[in-house]
Every structure is written in structure tokens, then in C-alpha cells.
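Colleague: Questions regarding the structure given below will be posed in turn.
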Amino acid sequence: MKVNRRQFIKIGAGAVGATAFSGLTTRWWGLDKDPVHDPGTEGTKVVPTFCELCFWKCGVLAHVKDGRVTKLKGNPAHPLSRGKLCPRGTGGTGLLYDPDRLKRPMIRVEKRGEQVFEEVSWDAALDEVAGKMLAIREKHGPEALALFTHGFGGSWFSHLIKAYGSPNIAAPSYAQCRGPREVGYWLTFGQGLGSPEAIDMEHTRCLVLIGSHLGENMHNTQVQDMSRAIARGAELVVVDPRFSTAAGKARYWLPIKPGSDIALLLAWMNVIITEKRYDIDYVEKYTTGFDELRAHVADKTPEWAYPHTGIEPERIRETGRFIASFKPASLIHPGRRTTWYGDDTQRIRAMAIVAALLGSWGRRGGYLLPSKMSLPRFPYTAYAYHPREKADRPGSLYPLADETLASGLCDATIPGKSVYDIKAWLVYGTNLLQSLPDPRQTKEAIQKLEFIAAIDVLPVELTGWADVVLPESTYLERCDDLHVARYKEPFIAVRQPVVEPMYDSKPGWWIARELGRRLGLEDYFPWKDSVEYALARVKAGGYDCEELKRTGVIRGKPVPVTEEEGVALSFATGSGKIELYSKPLEMLGHDPMPVYRAPDEPPPGMFRLLFGRSPVHSFGRSTNNRFLALADPENEVWVNASVARDLPGLGGPLKSGELVVLVNQDGVRSQPVKAKVTQRIRGDCVYMVHGFGHTAKGLTFARGRGASDSELITRYKVDPIMGGTGMNVNFVRIERATASTT
Ligand code: SF4
């Protein structure tokens, strides 16, 4: 049964309609009583905490009755939720009560990847991990161990690994996601955008989404802000090869040829500059390199851009003028996953330069200058200095990258790919076989390891390759570090345990501390538990611990965040100005201003593979969640309707709902997946939601549902500026699934 979005949100919000599904969910969980989403059930206890269904960290009020979480609601006091959760967030109990959860520590008994383990005691599992870590440090040095981490609970393990002595700690959320964006804005304005992004969507008058699927990409506060802005009459311009949900609300949808965004942005610059539609005072006062930029884009006319982008010159001109007419409250949304074609930092630079021309940085309705409340760190013993450079970029490759590259650590694990050999991995909360490009290469790296341990909640593909698996409690069962947010209204939020840990799972702080003790690092874990740790920080900051426990959040005073509110704009660039022309890039041998270079075309009969996300899923992290699957149980591959009528080799038109197999340029075949035949996508590409097509044996619900785009991403193009992996460079052909493929 698939539930439509409206019905689903009603269930999540605890409104009428949920009872119709309670029997179904009860059967799925194999329980006598539906433990979740009995919408009439108010808790006898309500615990404020914050969500971890995605990284946004919205404030939650968790209702508990008879020791069970009955519903999750948005915390009205929390600035990121404002009393509302997104559809995923309401389904957090689907993770808590997932029958497939990792329940006890396990040690591998067959070959890596065969997913055969035996359950052991915590002492046995921790002794095994600590023993291997000590042996690696003794034999190869501490830097031979890498930590891959994702999620807020990863801070305990980052702390452990820094104390252990390794500098090699990486999150795929940088080189595989937001890294180019941070570097592009930093090069232009002297600072990145952080998370939540420092943008004023609520007050914007014109929002420009370039390949950003807000609405499908359900970042709660941003979706609320976008809705408010649209309700107040804000305009929307959507640039996307696919007619996204947001495009349905837009004044303009530009179905751009994939990979040609820089050409469009250069043409917009041309229109804005030649027609003097830029913010002349702002540009004169705050920017450097305008003359060079004007010369650079003088011939980048809409007519020049047309054959590259497929967008007619008049439409480029019209939209350039339209966006400029709302300056400075015209906001080019920075996006989140920005690793597309390998020229990503330059594309982000082009977006930042248009924003600078419109004077929207530091202005109401544009980009904000948020702040953070001051909270002292816990007074730990200092980490030892590590003399060796990080493993991800030997020889000072990518000096502009400001975080470690997860893909670089994977490369450094394969002998011959790097001068630096990683010998062991600790993997916290990230399914590297879906988050890193080319899973074949990730498996090759894993096979070279002397040791790999995984800490996770669910038995995902990566845990199937681990030597030791440590089951972590979910975010509803544990306390993590405090969330000290840099936001327009700064705040400190606490994650508190809502219910006791189920099964034999343990919170991350406990696992890290117990490993620390076994490694002789007790001094780095001088607290009884994470609550004592968190409260010590709150007290040291002079804040009220009781208020934080009671409300879940301490809000700081709103501070001025725009020039209109009195902020004096300053820029932490070399010149102290907004750098339209980048001397640092020039010095490093890169283009000082964005240059358009056409990406490779799909070979005949093939289509560019694009991927994105579902509003009810956090990629592969939630596709096993039975409750969220009520709304979205599997992905589909979007195929243009005109193309589907006459696909080569299919012997007849393709219809929606038919099973197809995608075969990429390297001959890798997808699992069978349903086709969605639609006019809402260009004919040169196909699209699917990321995170489906699981193969892990333990994911009994998600396994075999839909297809995995990750398996098809066997090629990527590295961003020469910061080392991000552009992944929209793969092509597929479409075959009808046959009896042997289903
Ligand atoms: S956006 Fe949704 S899933 Fe993410 S933290 Fe907020 S409520 Fe949770």
C-alpha cells in the first residue's frame, strides 16, 4: 500500500486517518500492539530532544506512555522546528522500533562481505576492537587508522580518534556533498554557509533554485521559510532538467541541459552587467575584480549560452532581468549536494558572483551573517600534536579543502593509489557503500584493510563488511553532545534520552569511553556519562541546566544579521572585499573567474543518470523504516515520455510501472526498478531517488526494493580545486527487465 503525501503527513501529525494504518504497521513490526503513531495517545511524559532522522537537528517533543514512544511532535520552542517536524521526523519511531535493528555486538566468522557473524558480549567486542587498534598503532602508527563518520553522535568517536593520535577523520558529507559550496562561497565572500545555511529565505522576494530540490529535499525550517515567502508573494525561478515539486510553484522553470549551469550563470552576469541591473553602489563599495568580470562575460551573451544550455536567449535575458529586479532580496539558493560535474567549486563561484552583483550578501532576503552562543568546550587533556599530514591529499593536493576528504581516505587505503597507507577503518553511522562513489573501489579498499569495525543502528551494507559490529542506540535512546547552532537566532539544544536503550544496544558516548579506557585514554573520558558531560558545559557557560532539560533549548538574543539591521559588512578574503576575480585561485593555477567547459555528452542510446531525494527519506538511512515506507516504499526511474515511446532495443513503447534495468557505461547493471514515464524530465537524462536498492541481508524490509543509483556511479570527476567527487557523470541505457533479471 502506498499512501499519498497528504495522508502521510496527517498520520505523522497524529491527525485522523492514522488508525486506518495501525493494524498494518502492527503486522509489519510483528508486535501485539502498535508501538507508534497511535495518534490519540498523548504521552504521560513528554521529553524534549532533537531529531536525527537527518542532519538538520529539529527540536522534538517525544511523547512516552508505558515506556513506549507514542508520537513525535515539533518543539515550538526550538528555532529549527517551530512546532513542526518534516514527514521524516515524525517517523522517527519507525527507526526506534525497527525489528531489523542491530541488537547485540557481533564478530565476523566468514569472509568479509558474506555477512555472517556471531553475537558476542560487549566485553569481547570492545576487547577485539581495542586490541586491533593498539596493534595498528604499534605496527604502523596511529595515522594508519581512519574514522569515517556521519551524524551528530560521531563527535564521541572523533574525540576518541584524535586522542588515539590519528588526524584521519572524514565525513562523506564534505567531499561527496557540500564541500564545493563551502569553498566557493569562502573564496568569494571569505566565509562558507554552514548548516543550517545562513540564508534569509523567509524574507526573500525572489528565490532561485539551481538543481536544488527544496520540497523534495525536506529541510524543515527552509521549507517553512519557503512556504511563508511564497504565501507573501515571493517569486520562484527553478533551473532543473526535471520539473521538480518546486518547479510546480515557480514563475519560471528553465529545463536546463545537465552540466551547463555555469553557461547560464555567465549569461545572466552578462545581462545584469551590460544592462546595468547590478547593485552599483554595493559592487563599488564591497567588491574587487569587477572590471575583469565585465570583460570576462562581455561575449557570454544569452545567444552564446543557448546552444550549451538549451534555454532560449530571450528566456535567459528575461529571467536575468526578473531576478535582478528584486535585488538585493533575490536569493540564489546555495544548494546542499553540490558535487555534480567536477567543476563544482567554479559553479558555486558563479552563483556567488551573481549574488554579489545583486548585492544580496549580508542583506535582508539574501544571505545572513548569523552568530553562535558562547559555550566552553569540555576541559579535556590536549590532543597530542600529530606531525604527519592527513592521508586524503598527500603532497598538499587541494590546499583549499577545509575538511578531510572521505574519498581521499578510501584512496589511501588502496596500495599504490597514495603514498600513505591506511590499514584500519572505524566507521560510524555512514553506509560508505552508498555514500562514496564507485562501491567497487570501496570494496577493494575494505579488502586491503587489516581491520574494520562499524558502529551503527541498522545492518546496512557497510556493516556486512565489518570485522566487528557495535550496535548503537538510536537518537531517542541516548544523550549526545550539545547542539550549539550558528543561526540567525543563536541557540543551544540538548538531545536527551527519551526511553531506555532497546536490546543490547549502547549509546555512542559509552562505546567511545569504553574503547578509550581499553586504549589507555581514560584522561580523555573523565565524566560518568554524557549527561554529566553536557551539564558541565552548560554550567561552565553560565546557562540554566534546568531550563535546558525542561524545554530542550536555550535561545540567545536575536542579533542583527543584515546590513539593514546595522551589521557593518566585512569580508575575510585576502583583499578584504568580495572577490569576483580570485587571486588565490589564479595563484594555484585555476581559473580566477568561472569558465564554462561542456561536460561529456551521453553516448548514443544512453542517458545521463541524475539522482536526488524523497521528502520522506534521508537517503538510504531511512528506506528500511516501515512507517516512512507507507509513503514511499521504493524508487522509480523517471524517463521522458517522448523518449519512452521509441527507446532503442525495447521493441515497443515503455509504460509507467514496467520494470526496467539500467546498464551503465561500464556494464554495471541495476536491480529491476519501475519506470515512471513522464514529460517532467528532459529527454537526455533519467532520474531516480538515491538510497534504495539495498542488498544487505539484515534489511529485511528495504532489501530488493527499487534500485541503487550508487551501484551505477562507477565514475566520478574530481573537483581540481577542493577534491570533491562530481557524480553526475555516469550514463545508462534502459533495458526491459526479463524473467531472469526479476
Ligand atoms: S528536517 Fe525532518 S528529518 Fe531532518 S531533523 Fe528536521 S524533522 Fe528531523
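The values are calculated or read from the model by the stated rules, or taken from the named source; none is laboratory data. A quick note: this is a predicted structure, and the numbers were derived from the prediction, not measured. Note that we place each Cβ from the backbone using ideal geometry, even for glycine, and neighbour counts take in every protein chain shown. Areas reflect the complete protein model, heavy atoms only, side chains present, ligands, DNA and RNA absent. Shrake-Rupley method; radii C 1.70, N 1.55, O 1.52, S 1.80 Å.
Colleague: Tell me which residues, restricted to segment 509-528, are closer than 20 Å to residue 473 by Cα and touching a residue at least 12 places away in the same chain (Cβ under 8 Å).
Modeller: If the condition is that a residue be closer than 20 Å to residue 473 by Cα and touching a residue at least 12 places away in the same chain (Cβ under 8 Å), then 509, 510, 511, 512, 513, 514, 515, 516, 525, 527 are the ones that fit.
Colleague: Got a number for residues in segment 210-236 being of a type in the set (Asp, Glu), closer than 21 Å to residue 326 by Cα and either within 16 Å of the ligand (Cβ to nearest atom) or under 15 Å from the mean Cα position of the chain (by Cα) (or both)?
Modeller: Within segment 210-236, residues that are of a type in the set (Asp, Glu), closer than 21 Å to residue 326 by Cα and either within 16 Å of the ligand (Cβ to nearest atom) or under 15 Å from the mean Cα position of the chain (by Cα) (or both) number 1.
Colleague: Another one. Report yes if residue 678 is buried (at least 18 other Cβ atoms within 10 Å of the Cβ), under 24 Å from residue 239 (Cβ atoms) and polar (S, T, N, Q), otherwise no.
Modeller: The answer is no for residue 678.
Colleague: Has segment 676-683 got at least one residue that is free of Cβ contacts under 8 Å to residues at least 40 places away in the same chain, touching a strand residue (DSSP E or B) at 6+ places or on another chain (Cβ under 7 Å) and not in a loop (DSSP other than H, G, I, E, B)?
Modeller: yes
Colleague: To continue, here is another question. Do you know which residues across segment 347-358 are of a type outside the set (A, V, I, L, M) and over 13 Å from residue 579 (Cα atoms)?
Modeller: The one that is of a type outside the set (A, V, I, L, M) and over 13 Å from residue 579 (Cα atoms): 347.
Colleague: Run down 484, 531, 498 and say which single residue is in contact (Cβ under 8 Å) with a residue 40 or more places away in the chain, in contact with a strand residue (DSSP E or B) (Cβ under 9 Å, 6 or more places away or on another chain) and open to solvent by 10 Å² or more (accessible area, probe 1.4 Å).
Modeller: Residue meeting the stated conditions: 484.
Colleague: Going by what's in this entry, would residue 442 be described as on the phi < 0 side of the Ramachandran plot and in a loop (DSSP other than H, G, I, E, B)?
Modeller: The answer is no for residue 442.
Colleague: Quick check: anything in segment 101-121 closer than 30 Å to residue 722 by Cα and not assigned by TED's automatic domain parsing to the domain that holds residue 59?
Modeller: no
Colleague: Please name all residue pairs, on different chains or six or more residues apart, with Cβ atoms under 7 Å, provided the first residue is in segment 78-96 and is in contact (Cβ under 8 Å) with a residue 40 or more places away in the chain and among the charged types (D, E, K, R) and the second residue is near the ligand (Cβ under 8 Å from one of its atoms) and assigned to a loop (DSSP other than H, G, I, E, B).
Modeller: 88/53; 88/54; 88/218; 88/618
Colleague: Take residue 723 and tell me if it is closer than 28 Å to residue 597 by Cβ and either more than 19 Å from the chain's Cα centre (by Cα) or surrounded by 17 or more Cβ atoms within 10 Å (Cβ to Cβ) (or both).
Modeller: yes
Colleague: Ok, one more. Of all residues in segment 487-509, which are in a strand (DSSP E or B) and under 20 Å from residue 429 (Cα atoms)?
Modeller: Across segment 487-509, the qualifying residue is only 506.
Colleague: Something else about it: Could you please let me know if residue 440 is of a type outside the set (Ser, Thr, Tyr), in contact with a Ser or Thr (Cβ under 8 Å, 6 or more places away or on another chain), open to solvent by 40 Å² or more (accessible area, probe 1.4 Å) and in the same structural domain as residue 324 (by TED's automatic domain parsing)?
Modeller: Considered against the rule, which asks whether it is of a type outside the set (Ser, Thr, Tyr), in contact with a Ser or Thr (Cβ under 8 Å, 6 or more places away or on another chain), open to solvent by 40 Å² or more (accessible area, probe 1.4 Å) and in the same structural domain as residue 324 (by TED's automatic domain parsing), residue 440 comes out as no.
Colleague: Considering only residues that are charged (D, E, K, R) and touching a Lys or Arg at 6+ places or on another chain (Cβ under 7 Å), which ones fall in segment 563-617?
Modeller: 563, 564 - these are the residues of segment 563-617 that are charged (D, E, K, R) and touching a Lys or Arg at 6+ places or on another chain (Cβ under 7 Å).
Colleague: Please give the number of the condition residue 360 fails out of (1) free of Cβ contacts under 8 Å to residues at least 40 places away in the same chain; (2) surrounded by 15 or more Cβ atoms within 10 Å (Cβ to Cβ); (3) out of contact with any Ser or Thr (no Cβ under 7 Å at 6 or more places or on another chain).
Modeller: The failed condition is (3).
Colleague: How about segment 458-481: which of its residues are in a loop (DSSP other than H, G, I, E, B) and touching a residue at least 40 places away in the same chain (Cβ under 8 Å)?
Modeller: Across segment 458-481, the qualifying residues are 458, 459, 460, 461, 466, 467, 474, 478, 479, 480, 481.
Colleague: While we're here: Looking at (1) surrounded by fewer than 23 Cβ atoms within 10 Å (Cβ to Cβ); (2) within 27 Å of the chain's Cα centre (by Cα), can you tell me which one residue 655 breaks?
Modeller: Of everything listed in (1) surrounded by fewer than 23 Cβ atoms within 10 Å (Cβ to Cβ); (2) within 27 Å of the chain's Cα centre (by Cα), residue 655 misses just condition (2).
Colleague: Report yes if residue 460 is open to solvent by 10 Å² or more (accessible area, probe 1.4 Å) and within 30 Å of residue 199 (Cα to Cα), otherwise no.
Modeller: Against the criterion (open to solvent by 10 Å² or more (accessible area, probe 1.4 Å) and within 30 Å of residue 199 (Cα to Cα)), residue 460 does not qualify.
Colleague: Can you tell which of 698, 667 is modelled with pLDDT of 95 or more, touching a Pro at 6+ places or on another chain (Cβ under 8 Å) and either within 25 Å of residue 337 (Cα to Cα) or assigned to a loop (DSSP other than H, G, I, E, B) (or both)?
Modeller: 698
Colleague: Now, a different point. Taking segment 613-631 as the search range and keeping residues that are out of contact with any helix residue (DSSP H, G or I) (no Cβ under 8 Å at 6 or more places or on another chain) and within 14 Å of the ligand (Cβ to nearest atom), which one is nearest to residue 700 (Cα to Cα)?
Modeller: The selected residue is 621.
Colleague: Which residue is farthest from the ligand (Cβ to nearest atom), if the candidates are limited to segment 59-117 and must be under 26 Å from residue 224 (Cα atoms), hydrophobic (A, V, I, L, M, F, W, C) and open to solvent by 10 Å² or more (accessible area, probe 1.4 Å)?
Modeller: Only one residue tops the list, namely 77.
Colleague: Still on this structure, please answer the following. List, please: which pairs have Cβ atoms under 6 Å, are six or more places apart or on different chains, and start with a residue in segment 727-742 that is more than 26 Å from residue 177 (Cα to Cα) and part of a loop (DSSP other than H, G, I, E, B) and end with one that is at pLDDT 95 or above and open to solvent by less than 10 Å² (accessible area, probe 1.4 Å)?
Modeller: Listed pairs, sorted by first residue: 737/660; 737/661; 741/661.
Colleague: Which ones in segment 122-143 are in contact with a helix residue (DSSP H, G or I) (Cβ under 9 Å, 6 or more places away or on another chain), over 25 Å from residue 421 (Cβ atoms) and open to solvent by less than 70 Å² (accessible area, probe 1.4 Å)?
Modeller: 122, 126
Colleague: In contact (Cβ under 8 Å) with a residue 40 or more places away in the chain, assigned to a loop (DSSP other than H, G, I, E, B) and closer than 30 Å to residue 494 by Cα: is that true of residue 595 in this structure?
Modeller: no
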